Amino acid sequence: MTAGLRTLLADLQRLADYAVPLALRAVCELHVADHLAAAPRRVEDLAEATGTHPASLYRVLRALACRGVFTETEPGRFGLTPMGQLLRGDHPLSVRDAYPLIGADLRAWTRLPETLRTGRAAFEEAHGQGYYDYLADHPEDSARFDGSVRAQNALVLRALLSAYDWAECGHLVDVAGGDGTFLAGLLARFTSLRGTVFDLPHVVALAPEALRRAGVSDRCEVVSGSFFDAVPRGADTYLLKTILHDWDDRRAGKILRAVREAMRPDSTVLVLEALLPPGDEFHIGKLLDVHSLVLAGGLDRSEADYRELFAASGLAAVRIRPTPVLTVLEVRRDDT
């Protein structure tokens, strides 16, 4: 076997392996990195602190150490690498809660071959209902999902603060705004803003507490409903952050038409999504697109795809601003 072939086989093994991603999610759920924040610790001490089995914990930490997440500073003692520091809950860029271990998601991924045959979302094949309907019926998994969104929002907010003139948004409706943490972050930084968090009733039930913690309750209201039916009317700005990629063109178009119906002639829609480049170039959106396919049956899109989707709903993109994480598409009504 040639060296080149051995390298190809090793790369395929690395790509196909699911031990690392699942082990990583398990140590995140157990908050292992939080117990290593001060200094490296022996596995026995760490196991006692995390309520785990010492020998099993050692094997998982050893596996993650060879991928650069932890480091075995001496036999049986582990500490954090720079990568592992990001798994601490108190880190300013913490991603600990961004990687939940949700059994229903994993069962859906096992049905991906059926999705490739039928085009239907694997989650629906596995569970007999749509992803968000499932979360509404399973509060524990919904809480894990919400925690993941909160962790991602903190990173996205940092990246987007300088990408748009948020202070000029006036009254901003965060459509499918979850528990309100993203909008609360904007309101806390731009005191001229007023806001509305809009989402399904069981989701926005958590928003008042997030707004209170951020000290912005007096400038933000909470409204429940379905964006397939209608959204709050007459706002200056409507935000759709990583929403449209969850849905096929028919249902994404229904969301956009509901937003257009609510807009004033001078309102703006801000669509935040990953725009897919052509060819073999790596782009995180190409991976997220498969997540959309498996879990919700949606799809990530190129700039041309979004322009076509907007046009079908009486809208048009007037400005596009890329950022390191998402692209901001500034969209207006097209009344021509």
>> Let me spell out the model: positive unit charges on the Cβ of Lys and Arg, negative unit charges on the Cβ of Asp and Glu, origin at the Cα centre of the range 37-159. What dipole size does that give, in debye rounded to 20?
In response: 480
>> Run lengths n ≥ 4 of DSSP H only: what is the helix-derived mean residue ellipticity at 222 nm for the chain, with -39500 (n - 2.57) per run over all residues, to the nearest 500?
In response: -13500 deg cm²/dmol
> Based only on Cα atoms, what Rg/Rh ratio does the range 239-336 have, Rh being taken as Kirkwood's radius?
Replying inline: 0.96
> Cα-based Rg of the range 108-206 per 2.2 N^0.38 Å, rounded to two decimals?
Replying inline: 1.34
> About the Cα centre of the range 175-260, what is the dipole size in debye to 20, counting +1 per Lys and Arg Cβ and -1 per Asp and Glu Cβ, all else neutral?
Replying inline: 220
>> Restricting to Cα pairs below 8 Å that are 6+ residues apart, what does the relative contact order work out to for the range 65-167? Please round to a whole percent.
In response: 20
> Which of Leu80, Thr118, Ile102 sits farthest toward the positive end of the charge dipole of the chain, with +1 on the Cβ of Lys and Arg and -1 on the Cβ of Asp and Glu?
Replying inline: Leu80
>> Please compute, over every Cα-Cα pair in the range 75-143, the percentage with a separation greater than 18 angstrom.
In response: 56
> How far apart, in nm, are two points set 7 Å out from the Cα along the Cα-to-Cβ line at Arg257 and at Glu74?
Replying inline: 6.9
> In a solvent-free Debye calculation with one equal scatterer on each Cα, what is log10 I(q)/I(0) for the chain at q = 0.08, 0.13 Å⁻¹, listed in the order of the q values?
Replying inline: -0.44, -1.10
> How high is the relative contact order of the range 183-336, in percent, with contacts defined as C-alpha pairs under 8 Å that are six or more residues apart?
Replying inline: 20
> Direction-averaged shadow area of the convex hull around the Cα atoms of the range 24-163, nm²?
Replying inline: 10.9
> Amide H to amide H under 5 Å from Gly195: which residues, 5+ apart in sequence or cross-chain, H placed 1.01 Å off N in plane?
Replying inline: Leu172, Cys220, Glu221
> Of the residues Ala230, Ala304, Ala210, which exhibits the maximal mean-square fluctuation in a Gaussian network model of the chain defined by a 10 Å Cα contact cut-off?
Replying inline: Ala304
> Mind listing the phi-derived Karplus ³J(HN,Hα) values for the range 92-99, rounded to whole Hz, using 6.51, -1.76 and 1.60 with θ = phi - 60°, and x for any glycine or proline?
Replying inline: x, 10, 4, 10, 3, 8, 6, 10
> Which longest run of the chain has no exposed loop site in it, a site being chymotrypsin sites (Phe, Trp or Tyr not before Pro) in a DSSP loop with at most 10 other beta carbons within 10 Å, and the site itself not part of the run?
Replying inline: 19-281
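Each reported figure results from applying straightforward, stated rules to the coordinates on display, with no laboratory input. Predicted, not measured: the structure shown is a model, and the values here were computed from it. All Cβ positions, even for glycine, are placed from backbone atoms using ideal geometry, and neighbour counts span all protein chains on display.
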